[in-house]
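See structure below.
Throughout, read-outs are computed from the coordinates displayed, never taken from laboratory work. Note that the structure is a prediction, hence the values are computed from the model and not measured. Every residue, glycine among them, receives a Cβ derived from its backbone with ideal geometry; neighbour counts consider all protein chains shown.
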């Protein structure tokens, strides 16, 4: 009997409690391991995208080093890395970030906007150098992956972003400036132009050239011009200055072949060798004319709406105001509170009208009866023109 009982106990299997315990244990293990498993899959996808981005960066850097034009920044803004497309990135849960698709700035971002683990990152090329940046996700497990791409540039502050944007803008301005200068020089051109000022970080350093050859100063251009073409250009310029000629709408003038293509700008008896200097002087002259117009309007105690001129810029040119007895008002509402802006009564208007009519009638009557005296010979002199006997009837 005992042996039979033992054999029967072995065939009974697990109890319900034992099964519950086993399932609970398996569930706990899955709950701990499954997130790690999914995180590992996401990290693997990020690493694959980072490998693609490194390939894009290498391709763009190679293109920038073989470029032989004048404007590298413009070239990088128009050139895309080889094989960059959304179809391949989408298989990894990513897409191109907005318009960051040229070698100037290539960026990728998670395909799903609600994604909390995958993070956006990019690179840009400036002056032959690659700058990598990244925006880490809220999940701290992915922070190391972001740092592996961008290092200290992972998670930029607003100040750092602004600084990077400033440096990028400076690099583009420098490239544009030097490109324009090289294009001007290669024509070949003569006269004054501007190049990039490395100290001031502006395109404002004056340079001079004669027929495509850089010289030291404006005097050197003048000397080379006289040596080759004589004094015909100088005489033409002096005649412009003597007549106080002004270049129409700031357009340059020259005399070929005597001036060798050198451009000049003239304004009220002055000569300029650059458009920027002419424009600065022209703005000052316009502004002063409008200031004078404003002073005259106030001095003459004009009333009503008035626009300062001539022209519409710079201020006060083009400013519309309301004037009353030598006082300026910025708005019509303020002007209406003054005596000039108050409507005149009908009674006073009628009286004035009738008075004017009577006066004019009398004048006309008296004019008909009055005979014109014979003018003296002294009336021909300006000093006597205001005398009654010299005035016309």
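Cut-off is 10 Å between beta-carbons; in what order do 264, 67, 306, 94 appear when sorted fewest neighbours first?
With the fewest neighbours first, 264, 67, 306, 94 line up as 67, 306, 264, 94.
Mind jotting down the distance between the C-alpha centroids of segment 118-177 and segment 209-229, whole Å?
46 Å
Please state the equivalent ellipsoid semi-axes for segment 70-120: what are the square roots of 5 times the Cα gyration tensor eigenvalues, largest first, in whole Å?
After scaling each eigenvalue by five and taking roots: 25, 11, 6 Å.
If neighbour count is taken as other Cβ atoms inside 10 Å, put 46, 96 in order from fewest to most.
Listing 46, 96 from fewest to most nearby Cβ atoms yields 96, 46.
How many nm separate the modelled label positions at residue 301 and residue 15, each set 7 Å beyond the Cα in the direction of the Cβ?
With each label point 7 Å from Cα toward Cβ, the separation is 11.7 nm.
Size of segment 221-320 along its principal axes in angstrom, Cα-based, largest extent first?
61, 21, 16 Å, listed from the longest principal axis down.
Fewest first, what order do 76, 84 take by the number of other Cβ atoms within 10 Å?
Taking fewest neighbouring Cβ atoms as first place, the list is 84, 76.
Which percentage, to the nearest 5, of the DSSP beta bridges contained in segment 43-173 is antiparallel?
That works out to approximately 95 percent antiparallel.
Using 0.36 nm per residue, how much length does the chain from residue 157 to residue 285 gain when fully extended, once their Cα-Cα distance is taken away?
Answer, rounded to one decimal: 41.4 nm.
Past the 13 angstrom mark, what percentage of all C-alpha to C-alpha distances in segment 281-336 do you count?
Summing the P(r) tail past 13 Å for segment 281-336 gives 54 percent.
When all alpha-carbon pairs of segment 187-273 are counted, what percent fall beyond 20 Å?
Summing the P(r) tail past 20 Å for segment 187-273 gives 38 percent.
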